[in-house]
1. Picking from B:Ser162, B:Ser220, which residue would you name as being within 18 Å of the chain's Cα centre (by Cα), buried (at least 21 other Cβ atoms within 10 Å of the Cβ), more than 30 Å from B:Glu29 (Cα to Cα) and modelled with pLDDT of 90 or more?
2. Output the residue which, of all residues in segment A:34-64 that are among the β-branched types (Val, Ile, Thr) and within 14 Å of chain B (Cβ to nearest Cβ), is surrounded by the most Cβ atoms within 10 Å (Cβ to Cβ).
3. How about segment A:265-324: which of its residues are at the interface with another protein chain (Cβ under 9 Å from one of its Cβ atoms) and aromatic (Phe, Trp, Tyr)?
4. Tell me, please, whether a residue that is in contact with a His (Cβ under 7 Å, 6 or more places away or on another chain) and either under 18 Å from B:Glu277 (Cα atoms) or away from chain B (no Cβ under 14 Å) (or both) can be found in segment A:143-163.
5. Looking at B:Gly229, B:Gly139, B:Gly147 in this structure, which one is touching a strand residue (DSSP E or B) at 6+ places or on another chain (Cβ under 6 Å) and at positive phi?
6. Only one of these is crowded, with 21+ Cβ neighbours inside 10 Å, modelled with pLDDT of 85 or more, more than 14 Å from every other protein chain (Cβ to nearest Cβ) and over 30 Å from A:Pro279 (Cβ atoms): A:Leu175, A:Leu204. Name it.
7. Which number in (1) assigned to a helix (DSSP H, G or I); (2) more than 10 Å from chain A (Cβ to nearest Cβ) marks the one condition that B:Ala216 misses?
8. For segment B:1-59, give me each residue that is under 21 Å from B:Tyr218 (Cβ atoms) and either among the polar types (S, T, N, Q) or out of contact with any strand residue (DSSP E or B) (no Cβ under 8 Å at 6 or more places or on another chain) (or both).
Amino acid sequence: MNETILRTEGLKTFYILDVFGTQKVVKAVNNINLDIRTNEVYGIAGESGCGKTTLLKALAAAIEPPLRLVDGYIFYYVDGKPVDVSTLSPEAKRKLRLDYIAYVPQGSMSALNPVIKLKETYRDFIESHVSGKTKEETVAMAEQHITELGLPPKILEAYPHQLSGGMRQRVTIALAALMKPAIIIADEPTTALDVVVQRGVVQLLMDIQKKLKNTIILVTHDMGVQANIADRVGIMYAGKIVEESTTEKIYGDPQHPYTKFLINSLPQFGDKSPRQSVPGSPPSLIDLPSGCAFHPRCPHAMGICAEQTPELITLDTDHKVACWLVGGQHGKTA
Amino acid sequence: MEKLLEVKNLTKVFTMGSILSRVRLTAAEDVSFYIKPGEIFTLAGESGCGKTTTAKIILGFEEPTSGTIVHNGKDRAETKGKKVWQEEGIQAIFQDPFGTFNPLRVVDRYFFETVQGFKLAATKREAIELIDETLRLVGLTYEEFAGKYPSEFSGGQLQRVSIARALLTKPNLLIADEPVSMVDASLRMSIVNLFKRLKEETNLSVLYITHDLATAYYVSERIAIMFRGNIVEIGPVEKVLMEPKHPYSQLLRESIPEADPTKRWSKRIVLAETEEEEYLRVGCKFAGRCPHVMEICKTQPPKDIDVDGVLVKCFLYNGTPATPHE
């Protein structure tokens, strides 16, 4: 097993909002324990509004008001030693983030400056990370990087609008990989792209991962993409990880009813039989249902589900699930 | 055969650049298809292939360079200058529901405005009844929705709200431009299931524009695959998606990720660098990426060939050129 590179312990980050004098608490990340390893692609899946993006923000140490770290720890392993990110000063955090973690936010294809050529964007980027490079050196560095990733170097001479959406997305991801970060966090990098371009983006992510042997944390709701790229998948629901396992087990032997719904709701070719989406809609993170947050939508809900929150239990190596149906938890106190 | 909407030889040319370096881009080239009443027809293809341009022309937002549109038996040229959504019962929904509604305005205002603009109800009470009835079609109620701002809905809910808004005027054709690409997989199913139900219950026709072939297969009867302004393959979904003939359709079909980690993609693919480059090709637009490319593909545009009930624009197939519009 690879060693740990990023670990969270009982992580709780809430948005604390003050609406007309009443306090609203959005429990976007609610008690999450993650153990992400080197040289792996860790996928996080779940419906929109389940806290995926907030979790990524926390992992990237970008917790800013109204988002607050309520409880728990985030550890980065620098040279094998854990560093508690919340204890760092903003300056130290920024420095650590620069060469340790790269974050590709959602809709990043519009992140490129539209009025300058891509090579200028690259230069900006390089200069903010390493000092003392001449203009020619930065361009050469950008060119080499682009070529290594199999993208045409002539795009450096282009303005963002001249490229197709898929190429822009790939350029942004390539930019994120430029400083060889130990972790790349990508938030929905393939959403709203068509299937062929999506495949191109996945191909690029895999190339980067193979080359740098680093960690990629990939958030996407597309279970098909997860199946194609992830080594391990965590299924997130209402701010909690409800199931986590290797990709093979998640797809081959899903345990949580929510995971089963997610996988079965995908239409399959050659099968036109009616498919049901997950019944109901995701709960509001301000006002979570009691017990297991999934119980109002779950077809197997029992009495205990509405009363107590199931713990994430380990079924066997690398397979964890939080459900009263599984693992003889029923009847036991949590 | 009864046709609700027929698009004949539609061509749209955009001119880009300054006077000195002018580039003529054919966003839609000789596009022809028809939609039957109570049918879901899919127009599929990648971003920038001319799907949205075609939709905009049908909606009357753009004037075609050439070609005609016949809707309800009336040629569009006769009704020129009139708003098609008002006169002819065509309504549209778009990709991003958050972009559809003004974030600073309560969503029900749009509903009341539509009711007023189309004179659908005489009193406020009637209007509320009508709105409630329409919202129930999409699985919402008036109470859940009154007085809320767009940000108070989830993406899937808001997309359903925008569908309900479009249905208020009881259109016979709904143009759905990428309605599911922004929502997640489980909500996708709830939206396409909604189209299916509306089709069965109200005989609504839908022009479903998408790049998501899996839902297209699930929901529609016939499909047209578009590439760089051309329809490269058109026919029943069973044939086009299960045994794709055009190399581009084959690539599309292969690229759909399957929720099965044992079936990962193994082949590498090539993507176009710029869309412009492919649009400006003389011969087949796909020649730059096609694994079966021949000399003729680079010089001559292919014609529609009828292969087994499917029209294919490719030199790989020989046979009698198809008669236009079957």
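The values are calculated or read from the model by the stated rules, or taken from the named source; none is laboratory data. Computed from a predicted structure; not experimentally measured. All Cβ positions, glycine included, derive from the backbone under ideal geometry; neighbour counts span all protein chains shown.
1. On the way: B:Ser220 fails: more than 30 Å from B:Glu29 (Cα to Cα).
Step by step, each of B:Ser162, B:Ser220 is checked, and only B:Ser162 is within 18 Å of the chain's Cα centre (by Cα), buried (at least 21 other Cβ atoms within 10 Å of the Cβ), more than 30 Å from B:Glu29 (Cα to Cα) and modelled with pLDDT of 90 or more.
2. The residue in question is A:Ile44.
3. Selection gives A:Phe269 alone.
4. Within segment A:143-163, none of the residues are in contact with a His (Cβ under 7 Å, 6 or more places away or on another chain) and either under 18 Å from B:Glu277 (Cα atoms) or away from chain B (no Cβ under 14 Å) (or both).
5. B:Gly229
6. Answer to the check: A:Leu175.
7. (2)
8. B:Thr42
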